[in-house]
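Have a look at the structure below, then the notes.
The values are calculated or read from the model by the stated rules, or taken from the named source; none is laboratory data. Quantities reported herein were computed from a predicted structural model and do not represent experimental measurements. Here the Cβ positions follow ideal geometry from the backbone for every residue, glycine too, while neighbour counts run over all protein chains shown.
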Amino acid sequence: MSTIPKALKRQKGFPAAPPRHGPRPRALPTASKSIHPSHLVARQGNGYTSFVPQLRKLIFEYCERSEQSTKARAYLLKHVEDVARSNPHVEVVVKTRTLKPPIVRGLYLNNRDKVISLVGLEETGITAKVKILLESSGAKMKSLKNAHVFSVTPSTRGIWSGLHVDDVYKI
C-alpha cells in the first residue's frame, strides 16, 4: 500500500487510477490455431515461386479539357481502380497535364521507363497498352532482325550442301 495521501497525489500530477466498474474482463479467445515454429520456415523453390514483377510504378497523365484525352478520361473513370486492385505490387498514379496529349508511363526496377501515347486509342486499346507495360521487363528493346546464331563447337558432320549429294534432288 502506498503511504502518499490521495490529496498529495493529485497535487503533484500523479495519474489517477481508472475507476473499476464490474468484474475484471476475461481474456479473449484466440482467433485461430497456433502455428508450430517448424511451419514458419520458407520453403525452397527452384525459381518458380520467387517471381519479382519488374514494373514498380504506373503513371497515367491526361488533360481535363482537351478532346484527345476524352477516351483516356473514360478509361480512368471505369478501369483504373481495377488495374490498381489486380496489381497490388504496382503504384498507380493519375496526374493531369494541361493542354498535352494523354500518356501512360511505366517505371521499372532497373531505373528505366517506357512511355506510351494514348492519343486516338479506345478503352480496349488503352487496356492493351497497360497490359504491355505490366508484362514487360523494362529492358532496352533489341532488334532480332539481324541476329545471327553462332555455335561454340563445330558440327560433327560438317555443313550440309546440296552439291555434295550423289543423287540430285529434283523438284
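For this structure, a couple of remarks:
- Scanning the stretch 89-148 for residues that are among the charged types (D, E, K, R) and closer than 17 Å to residue 58 by Cβ yields 91, 95, 97, 105, 112, 113, 114, 123, 129, 131, 135.
- Test for residue 127: is it in a helix (DSSP H, G or I) and among the polar types (S, T, N, Q): yes
- Qualifying residue in the stretch 116-123 (condition: at negative phi and in contact with a Leu (Cβ under 9 Å, 6 or more places away or on another chain)): yes
- Qualifying residues in the stretch 71-91 (those that are surrounded by fewer than 16 Cβ atoms within 10 Å (Cβ to Cβ) and in contact with a Lys or Arg (Cβ under 9 Å, 6 or more places away or on another chain)) - the one modelled with the lowest pLDDT: 89
- Test result for residue 60, outside any helix (DSSP H, G or I), among the aromatic types (Phe, Trp, Tyr) and at pLDDT below 90: no
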